[in-house]
Every structure is written in structure tokens, then in C-alpha cells.
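Before any comments, here is the structure.
The values are calculated or read from the model by the stated rules, or taken from the named source; none is laboratory data. All of these numbers come straight from a predicted model, not from anything done at the bench. Heads up, the Cβs are rebuilt from the backbone with ideal geometry, glycines too, and the neighbour counts pull from every protein chain shown. What goes into the accessible areas is simple: the full protein's heavy atoms, side chains included, and nothing from ligands, DNA or RNA. Shrake-Rupley method; radii C 1.70, N 1.55, O 1.52, S 1.80 Å.
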Amino acid sequence: MELLMILAPVAALVALGYALFVALSVKKAGEGTDRMKSIAASIRRGASAYLKRQYKTVGIFFAVVFVVLIVLAFGFGLVNKFTPFAFLTGGILSGLSGFIGMNIAVSANVRTANAAEKSLNSGLRIAFRAGSVMGFVVVGLGLVDFSLWYFITTYAFKMSPEAVTNAMITFGLGASSMALFARVGGGIFTKAADVGADLVGKVEAGIPEDDPRNPAVIADNVGDNVGDVAGMGADLYESYVGSLLSAAALGYAALGNILGIVIPVGIAAIGIFASLIGTLFVRTGEKLSSKSLLKALRRGTYIASAISALGSLAFILLVDIDHYFLFFAMLIGLVAGVAIGFFTEYFTSDNYRPTKNLAKSTQTGSATEIISGLSLGMLSTVLPVLIVAATIIVSFLVCGGTVEDPKMGLFGIGIAAVGMLSTLGITLATDAYGPIADNAGGIAQMSDMPEYVRERTDALDALGNTTAATGKGFAIGSAALTALALLSSFINLVDSETLNLSIMNPAVLIGLFIGCMLPFLFSALTMSAIGKSAESVVLEVRRQFRDMPGLLDGTVDPDYHTCVDLCTKSSLKQMILPSIITVCAPILVGLLLGISGVAGMLLGSTSTGFMLAIMMSNSGGAWDNAKKYIENGNFEGKGSQNHKAAVVGDTVGDPFKDTSGPSINILIKLLSIVSIVFASVIAAFPSIF
């Protein structure tokens, strides 16, 4: 049975090998005209400069935390001795996954635009294949990280499986920390640029989106890559690794043998092969409709899901027929991920009534559209919450969990989280595809390509908005399940005598309220950061329009670099406070309220964070697609009062859907990971109760 652990590195090599093959094939595609190459080079330079400066900033944080962990591990024995080093590998591989994904994205955007001149299907194939590089790099490096530390601790240091799983559950700290910086910093950058470009360019100057006369247009395109590609990649890398680590720890605690580790690893490995096969089925015709394009992507994801389910069933029956019921936990997680994605699409796509009604509300102004968008976002939380609740109930009960003996039930929840993320290779590909298509449309506009090319890239971009919204819904759902699995691991790790989860315990109640508050505080800080960063961009764009005669006439080129530099400096500065609060909150709560207070905080943050993230992401996605629905000729089309109202709604929604909402995913998981890592430190101090 121990030999089956070789599945992890084998699947990792397959994923990374496939990603390399696809990346090389994408780079063989033509880049188009010199003008297209020049624009793409500007985007590439801006994205690379941002990441380079971000990694320098994050490097300081990692150095400080590494020293603290070394002192706690070797000076006081309060942290596992492998944790400081695993903290570094997790952070490096998480950052590397985002870096690789962003680099292929900024290479594929111009190639997608050029391919779209040939046919719609050619453009789709380039964008999707580039997105799949991100998907397979994330799962490949995730399994590399898992395999590396499993084999080191098991064979080099001869640790028991129980000690290995208890140690490895702390190893997600580096990935979570890097994900937070990537998501928050990248999100602030992209939305500061987007808001600045839209408010001054489209609303005040009345020029089209992606117009080369807009000084913030390159910064906007850079932001799509550093926020929606690098940020999303680091985010889901963290979820993937976190779900595997927590499931392995819960599995060994429940089964008491190596099977508890082998089963989640096997499901993850099978998911990689299933995702690879699914990508081969993504193709479309030349019909310019989001329904036909969406059908093409769905075909791939549904085929991958079916193969993953059947493969996991065969694997579980082969290795442990007595625990066949674990398959149903995996299946409910897989189905829940697909269902959350579908209902996210329903509330955010302009193919359905909610977004069409939202577009209609612009007839009475921007205020009513904003009210309608907030209402839509709040309503959209109902079904995902019920789906996750059903997933928890079914996975817990079907695996034999009871209140008196919950171990198998908790393992079932962990397996459901792994099942939901098992096809991440193709799921993330459909998400990363969106920013690539968006950039391709911008390049087509700025390089004056034929109108039919822009129509094709617009169709790809509209689909990208839907897949991005669906991807965010999937990320939020998986974050909720992963956070619950991590919470279960935290409770298993701590001394049961120090843990009192009674609702009558003041520490639990106070922790619960603090936990409920943290997502709101975090969102307030990130929203405020976007506002401050966007102000500087707005003022700079206005200055250039005012002080550079001929800019609006197209006879003078704008200064793109200044806007990129403003967004970079501001986003890196503004991301520090939310990140520090997230890391410090569990430690401070633990030192005051003890282990029980931390457990209450984790329950509160997961509950409100899940719903707030869904509400913000879906409101923002619906506002964005309502604007595009009007731009397609509905409700008087571009330039009308309805369109201006929709642009205001979209401007409000941008930080909702691309920064604050998605960043909450990482908040709720990082709070759990920090609590697990510092559990011994917290337990060493008496609480105030």
C-alpha cells in the first residue's frame, strides 16, 4: 500500500510535463503585426516589473516569519522543526505557480488576438490552452510540495505516519501567506488601474474601453495578469495543498493507517489525468454566441468530472473495498463544485434573467442599478450555502460520522474538499482563460485590427467574464470546505482538555464575534486601498488629458509607464496592513482567549467570510456583465444614459469581484493555518477565562 504514494510524484510530473508541452506549443503561434508585438511587450514589462517588486516586498515578510519559526522550533520546541523550511518551499512554489501562469498569459494574449483573425475557434484554443498551463502547473507543483515533504519526513527522518500527517498540516503556512499577498496586492493593482481607466476614459472623456489614447489602458491590461492570473493561481494552489494536507491528517486519524493518506492522494492524481483528457475536448464553431462558447468549455469540464468520478470509484474499490462509502463523499464534493459554478453562472451571466434585470434597472439611473446589484449578490448566497451545507451533511453521515465519534465523518468532509478540487487542472484553465481573452481584446482594439476580430475577441472576453465569475464561485466553495477541514484538523491537534466549545463559554462567544467581524474588516481595508490607489491613477489620467495637447486627437502618445508605476507602488504599500492583521489575529485571539476562543474565531470567520465572498463576487460579476449586455446593443447600447449608469455599477463592482471578494477565500484558510501552526504557542499561555 505504501507503494501507492508514488502516485503523487508521478501525477505531478505528468501535470508539469503537459504544462510544458502546451506552453511550448502556444509560444509557437504567431504574434501578429509589429504594433501588436509592441503593445504586448509593454504589458509584459509592466507585469514582470510588478511581480519583481512584489516578491522583494514579500521576501522581507518571509525572512522575518522564517526567523520567528526557527526560534519557536529550535529555541522553545513550540513548532515542528520542519515547519520553517516547509514554510519557505510552500511560499516559493505558490509564487512560482503564479509567476509561470502569468508569463504564459502575457505571451498568449497577443497570440490569441492574432489567432482570432483566422477564426473564433483558433482564438479560443490559444487562450484556453494558455490557461491550462496555469491549471496544470498549480496541481503539479502542489503535488511536488506534498510529495517532497512526505518522502523526506517518512524515509529520511523515519517519522511515523501519524507524526508525518500532524507535521505536514502545518506546512500550508507558506502557500497561504504567498497567496494572500498575491491576491490582495494583485487585486488592488488591477482594480486601481481599471477604475482609473473607466472613470476618466469612458465616463469623463467618452472614449471606448481599451482605447490606446487612455494613459491607464496598459496598467489595466497588466492588472488583469497580476491579479486574475497570478493571484488566482496562488489562491487555488493554496486551496489544493490545504485540502490534501488536511484530508491526509484527518484520514490517518480516522483509519489509523496509511490508507488515510493514500486515498486523498489517489483521488488527486486521478483528477489530473481526468483534467488532461478533458482539455482535449474544448473546441467550438464560428457562431459568435456566449452559449456556444460556454458549451465548448463545459464539455471539457463535464467530461473531466465524469472521468474523475469513475476513476476514483475504481481506485477506492481497488485499495480499500471496505471503505467504498468514501467515494460518495468524493462524489458529493465534485458535484457540489459543479453546482456552485452553475449557480454562480446563473446569477452573473447575461444569458439569464438576474443579470438582464440588472441591466434593465439602469433605465432609472446608477443608484437603482447599484441597489439591484447588491440585492442580487445577497440573494445569490442562498444556494451555495445550502449546497455546502448539504455537502457537509452527506459527506459526514455517509462516512459514518457521529457526534460521539466524528473522526470518519470529518475525514468524509476532507475527502469532499479533495473531490471538489480534483479537476482543478481544467477548472482553473477555464478561469485563467478569461484574462487572456480580455487582454487579447485590448490588443485588438489598440492595434486597429479589423472589426470582425474585435467582435470575436469580445465574444471570447464575454465568456471570460462568465468563466471568471464561475471560477471565483468555485474557489469560494472550495475555500469553505477546505477551511472546515482545516478547522477539524486544528481541533484534532489540540489537547481536548483545553478545548471547550460550549456556547456558554465566553471565550467561544467572543471568538465567534471577532471571527464574524474579521472578513468585514479585511474587506473594508482592501476596498479602501483600492479607493486610495485609484485616486492617484484618476488624477494622473486627468493630468495627461489636460496637459498633453493632441492626446485625445491621437497625435500624441500617452505616458503609460507612469500609471503602471503608480499602481505598483500603491498596491504594494496598501497590501501590507490587511496581510499583517490576517496573520496576527489568530495569535492575539489565542493569547487572550485560549484555544477555545480561536476555535470560535475560526467558526465565525468561515461562516461570514463564505457568504460575504459570494455576495461581493456575484454582485461584481453581474454588474460587469450587465454593462456588457448593454454594450451589445440592448437598452439603447453604448453611449446612452443606461450605459453610463452601468459603467458606474461596474466600477463599484470591480473591487467587489476582483479584490475583496476573492481575497476572503485566503483569509478564512490562512486564519486556520496560522492557528494550527501556533497552536502549541497559544496553549502555552493561560487565557483570561
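Angle of helix 83-118 to the longest C-alpha principal axis of the chain, folded into 0 to 90 degrees and rounded to 10: 30°.
Cα gyration tensor of the chain, axes a ≥ b ≥ c as square roots of the eigenvalues: rounded (a/c below 1.5), prolate (a/b > b/c) or oblate?
Since a/c reaches 1.5 and a/b is larger than b/c, the shape of the chain is classed as prolate.
Take 600-611, 378-389 and order them by the average number of nearby Cβ atoms within 10 Å per residue, most first; the result is 600-611, 378-389. The helix-only estimate of mean residue ellipticity at 222 nm for the chain, built from DSSP H runs of length n ≥ 4 each weighted as -39500 (n - 2.57), is -27500 deg cm²/dmol after division by the residue total.
Of the solvent-accessible surface of the stretch 495-610, computed with a 1.4 Å probe and all protein chains present, 68% belongs to carbon and sulfur. The packing ranking of peptides 117-127, 49-59, highest mean first, is 117-127, 49-59, where packing means the average number of other beta carbon atoms within 10 angstrom of each residue. Note on the stretch 1-146: Kirkwood hydrodynamic radius from all Cα pairs is 17.6 Å, rounded to one decimal. Centroid-to-centroid, using Cα positions, the stretch 203-267 and the stretch 533-554 are 34 Å apart. Distance from the C-alpha centroid of the stretch 433-463 to that of the stretch 106-132: 10 Å, rounded to the whole angstrom.
Find the accessible area per residue for the chain; the probe is 1.4 Å, ligands and nucleic acids are left out, and the unit is Å². Could the numbers behind the result be given before it?
Numbers: 23280 Å² over 689 residues.
Dividing the accessible area of the chain by its residue count gives 34 Å².
Packing, as the average of other Cβ atoms within 10 Å across residues, places the peptides 319-329, 149-159 in the order 319-329, 149-159, highest first. Cα axis of helix 120-151 to longest principal axis of the chain: angle in degrees, 0 to 90, nearest 10? Approximately 20 degrees, to the nearest 10. Against the chain, whose longest principal axis comes from its Cα atoms, helix 661-677 is set at around 20 degrees. Dipole magnitude for the chain: computed about the Cα centre from +1 point charges on Lys and Arg Cβ and -1 point charges on Asp and Glu Cβ, it is near 620 debye.
So, with a 1.4 angstrom probe, what is the percent of accessible area on the stretch 357-489 that is carbon and sulfur?
65
For LYS644, give me every one of the lysines with a C-alpha distance below 22 angstrom, ignoring sequence neighbours fewer than eight places off in its own chain. In chain and number order, the partners are LYS191, LYS202, LYS356, LYS360, LYS627, LYS628, LYS657. Which lysines have a Cα less than 24 Å from the Cα of LYS28, not counting those fewer than 8 places away in the same chain? Reachable lysines: LYS37, LYS118. What residue among ILE370, LEU334, THR402 has its Cα farthest toward the positive end of the dipole of the stretch 311-408, where the charges are +1 on Lys, Arg and -1 on Asp, Glu, each on the Cβ? Sorting the options by dipole projection puts first ILE370. Think of the stretch 532-689 as a dipole: +1 on every Lys or Arg Cβ, -1 on every Asp or Glu Cβ, centred on the Cα centre; then among GLY661, SER579, ALA679, ALA679 lies furthest on the positive end.
For the stretch 351-358, backbone phi angles converted through the Karplus equation (6.51, -1.76, 1.60; θ = phi - 60°) give residue-by-residue couplings of 7, 10, 4, x, 6, 4, 5, 5 Hz, Gly and Pro being listed as x. Positive-end ranking of PHE85, PHE66, LEU51 along the dipole of the stretch 32-104, with charges on Cβ about the Cα centre, is headed by LEU51. Heavy-atom accessible area for TYR346, with the other protein chains in place and a 1.4 Å probe, reaches approximately 80 Å².
Between the alpha-carbon centres of the stretch 356-425 and the stretch 664-680 there is a gap of 21 Å. Charge tally for SER380 (other residues, Cβ to Cβ under 13 Å; Lys, Arg +1; Asp, Glu -1): +2. As a fraction of the 1.4 Å probe accessible area of the stretch 32-75, surface on carbon and sulfur atoms comes out at 67 percent.
Summing Cβ point charges (Lys, Arg +1; Asp, Glu -1) relative to the Cα centre of the stretch 625-686 gives a dipole of roughly 40 debye.
With charges only on Cβ, +1 for K and R and -1 for D and E, what is the dipole size of the stretch 30-73 about its Cα centre, in debye, rounded to 20? It would help to have the intermediate numbers written out before the result.
Working: 7 positive and 2 negative charges, 30 e Å.
With only Lys, Arg, Asp and Glu charged at Cβ, the dipole is about 140 debye.
Please give the net charge around THR470, taking every other residue with its beta carbon less than 9 angstrom from that of THR470, where Lys and Arg add +1 and Asp and Glu add -1. In short, -1.
The residues ASP198, ASP495, sorted by heavy-atom accessible surface at 1.4 Å with ligands and nucleic acids left out, run ASP495, ASP198 from largest to smallest. Does the stretch 216-264 come out rounded, prolate or oblate by the C-alpha gyration tensor, with a ≥ b ≥ c the root eigenvalues, rounded set by a/c under 1.5 and, if not, prolate when a/b is larger than b/c and oblate if not? In terms of gyration-tensor shape, prolate.
Rounded if a/c is under 1.5, else prolate if a/b is larger than b/c, else oblate: which is the stretch 84-208, with a ≥ b ≥ c the root eigenvalues of its Cα gyration tensor? Oblate shape, in that a/c is at least 1.5 and b/c is the bigger or equal ratio. For LYS158, give me every one of the lysines with a C-alpha distance below 29 angstrom, ignoring sequence neighbours fewer than eight places off in its own chain. Once the sequence-local lysines are set aside, what remains near LYS158 is LYS81, LYS407.
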